[in-house]
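Each remark here refers to the structure printed beneath this line.
No value in this document is a laboratory result; all are computed from the given coordinates. Owing to the predicted nature of the structure, the values given are computational and were not obtained by experimental measurement. Ideal geometry is used to build each Cβ from the backbone, glycine not excepted, and the neighbour counts take in all protein chains shown.
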Amino acid sequence: MEEVKDIQEQLLDGVRMQLKEGEKLAAVLQDTLFLSADAVYRRIRGDVPFSIFETKTICEKFNLSFDEYGTFKRGKVNFLYTPLNTIGLNFTTYLEGIRDGLKQAKQLKDVNLIMCVNDTPLFQLFNLPHLTRFKFFFWAKTYLGIEEYKNEKFKREKIDKQTLAVGIEAHNIYNSIPTTEIYGPETLRGTLRQIKYYFDSQQFEDPSYALELLDNLQVLAEHMRKQCEIGRKFAAGNEPPSSGNEFYMYSNDTYIADNTYVIDWDGGSAVYFSHNIMNYLNTTDPYYITESKFVLDKLKKNSSIITEDNAKERERFFSSIEKTIQNFRRKIEVELEDDVY
């Protein structure tokens with residue numbers, strides 16, 4: 001019975017991760033399996049195993065693979081991902097996917113998130129919507145070669161109100177989830193190179209817009225510094241909260257290879273990491289999660305915490321970023337003055 005209970009709990013975690021705001025696990029299972037409340041609670045407690053038909057129904061309803069839950073073995077991992085055609089390669093749809101994922105995580109009991117970031121932190125990028133829009137445009141045009149972007153240049157324009165609202169909602173949910181975040185020497189520098197690349201290759205409709213994006217990046221760095229000083233996340237331009245929104249930031253002097261996210265909650269864990277530019281893979285495989293936590297823990301121990309008290313390390317980290325931004329800015333200003341563009 002114990003083995004069945006373990007597999008069953010993993011399957012239930014897969015459902016929990018997909019619950020919409022306000023939905024309750026028991027009520028959703030009642031509607032999905034056409035069972036009474038008492039029958040559902042016996043299955044949630046593990047007193048009664050799911051039947052083959054019930055398992056099949058749950059897997060089909062929530063796009064889960066029973067292989068992922070039924071055959072955990074070291075060295076073999078099943079990952080889930082969202083196909084690009086489902087995202088639609090649309091900025092609003094992309095942000096909606098992130099928002100909905102954060103909503104699902106937020107509903108989990110005692111949830112917290114630990115991540116390592118190898119360039120620009122996507123969730124922090126939400127503080128400056130124009131930078132987020134630039135990032136998506138760059139991915140779509142330059143990395144993925146989407147046809148509708150082929151002859152487009154990046155231009156100064158207002159963000160669609162619906163898109164902006166989705167981004168703000170996603171950012172607010174992220175801010176409310178306690179996070180531990182590990183950054184390396186490449187922080188924000190990949191975005192800097194993308195801005196410079198578009199400037200050099202004349203991909204800006206107005207070349208001076210590159211300077212505005214650099215200003216945005218400077219504001220983002222300063223805002224991240226402020227959040228570090230108080231150890232709490234909040235939206236740029238707003239007053240910081242007096243409690244909640246816990247934020248622990250670490251600086252690592254070596255190269256961070258990827259973006260990895262481990263979500264922990266009371267009763268479960270999941271791992272996400274970036275994949276194919278705009279996508280991510282995720283798994284609840286216990287062996288893979290254990291090893292991911294082990295690596296992130298070692299990475300954290302080899303890093304310096306720069307939140308709250310460690311002012312010297314914090315100053316060193318952010319001064320380096322700001323110096324790099326200013327160097328990029330001077331190069332672009334010189335080329336604009338010389339009319340190189």
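For His275, the residues whose modelled amide H falls within less than 5 Å of its own, excluding neighbours fewer than 5 places apart on the same chain, are Tyr280, Leu281.
If the cut-off is a Cα-Cα distance under 23 Å, which lysines reach Lys153, setting aside same-chain residues fewer than 8 apart in sequence? Lys153 reaches Lys135, Lys141, Lys161, Lys196, Lys331. The phi-based Karplus calculation (6.51 cos²θ - 1.76 cosθ + 1.60; θ = phi - 60°) puts the 3J(HN,Hα) values of the stretch 92-98 at 5, 4, 4, 5, 4, x, 5 Hz, whole numbers, x for Gly and Pro. When only Cα pairs below 8 angstrom with a gap of at least 6 residues are kept, the stretch 80-337 shows a relative contact order of 27 percent. If the cut-off is 18 Å between C-alpha atoms, which lysines fall inside it for Lys76, apart from same-chain ones fewer than 8 positions away? Straight-distance partners of Lys76: Lys293. Maximal additional length on extending the Asp215-Gln326 stretch stands at 39.0 nm, based on 0.36 nm per residue less the C-alpha distance.
Close amide H partners of Gly268, meaning residues 5 or more places away or on another chain with modelled amide H under 5 Å apart, do not exist here. Pairs from the table (Lys24/Lys109; Lys109/Lys300; Lys226/Lys312; Lys103/Lys233; Lys103/Lys226) lying more than 19 angstrom apart at Cα are Lys109/Lys300; Lys103/Lys226. Computing FRET efficiency as 1/(1 + (r/R0)^6) for Gln202 and Glu229, where r is the C-beta to C-beta distance and R0 is 45 Å, gives about 0.70. Here's how it looks for Arg232: its modeled amide H is under 5 Å from those of Phe247, which are all 5 or more places away or on a different chain. By other beta-carbon atoms within 10 Å, ranking Glu157, Glu333 with the fewest at the front produces Glu157, Glu333. 3J(HN,Hα) along the stretch 229-243, derived from phi through the Karplus expression 6.51 cos²θ - 1.76 cosθ + 1.60 where θ = phi - 60°, amounts to 4, 9, x, 9, 8, 7, 6, 4, x, 9, 7, x, x, 7, 8 Hz, with x in place of Gly and Pro. Simple spin-label estimate for Val48 and Asp297 gives 3.9 nm between the two label positions (7 Å along the Cα-to-Cβ direction from each Cα). Looking at [x] 0.97; [y] 1.19; [z] 1.01, which value of Rg/Rh (Cα atoms, Kirkwood Rh) comes from a calculation on the structure shown? The listed entry that was calculated here is [z]. Couplings 3J(HN,Hα) for the stretch 17-22, derived from phi with the Karplus relation 6.51 cos²θ - 1.76 cosθ + 1.60 (θ = phi - 60°), are 5, 10, 5, 7, 4, x Hz, where x marks Gly and Pro. Placing +1 on each Lys and Arg Cβ and -1 on each Asp and Glu Cβ, with no other charges, gives the stretch 191-233 a dipole about its Cα centre of roughly 400 debye. Counting neighbouring Cβ atoms within 10 Å and putting the fewest first, the residues His171, His223 line up as His223, His171.
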